[in-house]
1. Classify segment 89-150 as rounded, prolate or oblate from the Cα gyration tensor: take a ≥ b ≥ c as the square roots of its eigenvalues, call it rounded if a/c is under 1.5, otherwise prolate when a/b beats b/c and oblate if not.
2. Can you sort Ser381, Ser155 by solvent-accessible area, 1.4 Å probe, largest first?
3. Helix-only estimate, please: 222 nm mean residue ellipticity of the chain, summing -39500 (n - 2.57) across DSSP H runs of length 4 or more and dividing by its residues, to the nearest 500.
4. Keeping every protein chain present and rolling a 1.4 Å probe, give me the accessible area per residue for the chain in Å².
5. On a 1.4 Å probe surface of the protein chains, which of Thr30, Thr383 comes out largest in accessible area, and what is the full order?
6. If you average the sequence gap of Cα pairs under 8 Å that are 6 or more apart and divide by the length of segment 140-296, what percent do you get for the contact order?
7. Kindly identify segment 184-302 as rounded, prolate or oblate by the Cα gyration tensor criterion: order the square roots of the eigenvalues as a ≥ b ≥ c, call it rounded if a/c is under 1.5, otherwise compare a/b with b/c, prolate if a/b is larger, else oblate.
8. Keeping all protein chains in the complex and leaving out DNA, RNA and ligands, what accessible area do you get for Asp182 with a 1.4 Å probe, in Å² to the nearest 10?
Amino acid sequence: MRIPPLNSVLDGVVDAGARLLEPNVRLGVTGLRRAGKTVFVSTLVDNLLKAGRLPFLDVVSSGRFQASRLRPQPDPDVPRFDVEGHLAALTGPDPHWPEPTRGIGQLRLALRYRPGSSLKRAVQPVATLNLDIVDYPGEWLLDLPLLRQSFAEWSALTLDLAARPPRDELSQSWRGWLATIDPATPAEEDSARRGAALYTDYLHACRRADTLLSLIQPGRFVEPGDMKDAPLLTFCPLPGATRGRGSLWALMEERYEAYKTNVVRRFFSEHFARLDRQIVLIDVLGALNAGPSGMADMKRALELSLEPFRHGGAGWFDWLFGGKIDRVLFAATKADHIAAHQHAQLRTLLDRLVADARSSIRFEGAAVETMAIAALKCTDSVTTEHEGRQLRCVRGVPVGRDRPTVLFPGEIPEDADAFPSERERPYNFLSFRPPADLGRDPRGLPHIRVDQALQFLLGDYLE
Ligand SMILES: Nc1nc2c(ncn2[C@@H]2O[C@H](COP(=O)(O)OP(=O)(O)OP(=O)(O)O)[C@@H](O)[C@H]2O)c(=O)[nH]1
Ligand SMILES: [Mg+2]
């Protein structure tokens, strides 16, 4: 037996000691497109660096927080979350919202604090927690159900959805092409490419549609990153049942399976399975704004994307991922679009949207919470009088305008079942510009309840 040199043994012990003394926590930040992930991570980092607006984070309010710093990120092959660029956009002389993100981003922050208990302080007067924040598209979670579906099953479900309003019109060209082909004919690359291109156009149309359709599968078709034109993305759902070897059907089925193995499974084992805590951001107000079909589509997309959090369910989560996440926060974002007295209603609405996922996650022993938050508070709540009635409104500068406007965005009903009827669009949530002069504020970006979110997600690590 080879005995390792003493130095390397000691190094190992010191390393292990350092790791023990500097625990790591990986926080996943996800949500469907435009849900508010980038702004949330930017606010979180800015506020942890400045610690001026975190009264509900215990470690700060109790005076135990010392400071935090950005650190080199641990995974060299994962793109860094460009926090400096995003903060510059939000707080510069011409404040504007950050660009949409392509794919995943990661950042490490070291938080230094004094432990709360005297026992812990005796061992370590000042402790460090390494917080790894991983921002990844919720659309990638939507791919998860594919792992449990055969090509035939997925095709049937997708075709059924595409034939129903409002998707029927958007999918016309692709379905028209399907009607002209026979999946049993010998496979030809041209044909596969044509089908995939038309199907991808349809998915893009769903994303563009003013109904804000969220259910997009497979996710990489619209966000291919470095996989553009790869055979992995050159397939589409086909009607009918399994066809023989060498057929177009067999080719597409093979690619579908390769997508599952190389894209879906990889993402989950390399990223998702390593998370300790998770926040799921949901643009509930955006879905309300998009009307009933937008809301229904989002509900369906949420149900699918929350499947991975329903650990036990069919017993496959644990098998696949090890089920490490022990706290999940669902947050309705952009709460500054509505007056403060409406936040409770927004939360109730969110509660209903995630009710099933919530109870199964709890059943598995993880803690779950819901909140209405705003990563960047762009408005104030004001009261105005309209036709003798007191109206509670918001005041902010809408995108495309220069002056503050007082706006009545509509009221979320107490009874969350009372979604807008098919014909009505009773909500009017405008996009607001980020407030001016944020760069001069030493306290960190103004937010609503981001500190409470942090307390739930990380509070126990900072005790
Ligand atoms: N008023 C308000 N608007 C917000 C807030 N957070 C996000 N927004 C708006 O929502 C848009 C999308 O926010 P992002 O943080 O870029 O969303 P994302 O989830 O990272 O989007 P993708 O990267 O495209 O998936 C922003 O451009 C803003 O218009 C908020 O707290 N308040
Ligand atoms: Mg983003």
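The values are calculated or read from the model by the stated rules, or taken from the named source; none is laboratory data. Since the model is a prediction, treat every value here as computed from it, not as a measurement. Using ideal geometry, Cβ is built from the backbone for each residue, glycine included, and neighbour counts are taken over all protein chains shown. Accessible surface areas use protein heavy atoms only, side chains included; no ligands, DNA or RNA. Shrake-Rupley method; radii C 1.70, N 1.55, O 1.52, S 1.80 Å.
1. Numbers: a/c = 4.82, a/b = 1.46, b/c = 3.30.
In terms of gyration-tensor shape, oblate.
2. Details: Ser381 70, Ser155 0 Å².
If we order Ser381, Ser155 from most to least accessible, we get Ser381, Ser155.
3. Values: 18 runs with 173 residues, N = 463.
After summing the helix terms and dividing by residue count, I get -11000 deg cm²/dmol.
4. Details: 21550 Å² over 463 residues.
Per residue, the chain has an accessible area of 47 Å².
5. On the way: Thr30 0, Thr383 80 Å².
Of Thr30, Thr383, the descending order of accessible area is Thr383, Thr30.
6. Working: 152 pairs, mean separation 50.7, N = 157.
It rounds to 32 percent for segment 140-296.
7. Working: a/c = 2.41, a/b = 1.48, b/c = 1.62.
Because a/c hits 1.5 or more and a/b fails to exceed b/c, segment 184-302 counts as oblate.
8. Here the residue's solvent-accessible area equals roughly 70 Å².
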